[in-house]
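The values are calculated or read from the model by the stated rules, or taken from the named source; none is laboratory data. Values in this document were obtained by computation on a predicted structure and should not be read as measured data. Neighbour counts run over all protein chains shown; Cβ positions are idealised from the backbone, glycine included.
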Amino acid sequence: MTEESVFYQRLKTEIQLSGKNFNQVERELGYPRNSLNNYKSNATEPSGIRLVELSDYFGVSSGYLIGKREKVESKSLKVSFQRLDFQEKRELYEICQSWATTELSKRNRKQ
C-alpha cells in the first residue's frame with residue numbers, strides 16, 4: 001500500500017469538510033472522473049492551474065494544500081458556514097438571534 005501524499009490527505013480532508021465526495025467535486029470543476037484520485041501517491045502532483053482551482057474551490061491557500069503552510073481559515077463567512085453541520089448551524093443561529101435581540105434593545109434604549 002502506498003503512502004498518501006500530503007496534497008491528497010489535505011484534499012481528502014477538504015472534500016470531507018465540504019460534505020461532498022471526489023466525484024461531485026470533479027463534476028463541479030469539470031475534471032475527468034477519478035482524476036483527483038491520481039494524486040493519492042507522491043508520483044503525481046497537480047498542475048499550477050489545478051492547484052489554484054482547487055484552493056479557490058475550497059477557500060484555502062494553495063500553500064496549505066501542498067503542505068507548505070498551515071491552514072488559515074477562509075475569510076469568507078459563506079464558506080465557513082457551509083462547513084458547519086446542522087447542529088452547529090443551529091447553535092450559530094441561536095447566538096446570532098441573541099446578539100441581534102440585545103443590539104436592538106440597546107439601540108431602542110438610546111433613542
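Pull up the stretch 10-66, narrow it to residues that are assigned to a loop (DSSP other than H, G, I, E, B) and under 14 Å from the mean Cα position of the chain (by Cα), then point me to the one that is nearest to Val79 (Cα to Cα). Step by step, filter the stretch 10-66, then rank; the result is Gly59.
No other residue among Gly48, Gly59, Gly67 is assigned by TED's automatic domain parsing to the domain that holds Glu4, out of contact with any Leu (no Cβ under 7 Å at 6 or more places or on another chain), without any contact (Cβ under 8 Å) to a residue 24 or more places away in the chain and surrounded by 11 or more Cβ atoms within 10 Å (Cβ to Cβ) apart from Gly59. Within the stretch 30-43, one or more residues are over 18 Å from Glu4 (Cα atoms), modelled with pLDDT of 90 or more and surrounded by 13 or more Cβ atoms within 10 Å (Cβ to Cβ). Being at pLDDT 90 or above and closer than 27 Å to Phe7 by Cβ is a property that Ser55 has. Residues in the stretch 73-97 that are modelled with pLDDT under 75, surrounded by fewer than 11 Cβ atoms within 10 Å (Cβ to Cβ) and among the hydrophobic types (A, V, I, L, M, F, W, C): 1 in all.
Go through the stretch 1-39 and count every residue that is touching a Ser or Thr at 6+ places or on another chain (Cβ under 7 Å) and not β-branched (Val, Ile, Thr). Can you show your working first?
Within the stretch 1-39, the first condition is being touching a Ser or Thr at 6+ places or on another chain (Cβ under 7 Å), and the residues that meet it are 2, 5, 26, 38-39.
Filter once more, keeping what is not β-branched (Val, Ile, Thr): 5, 26, 38-39.
Here the count works out to 4.
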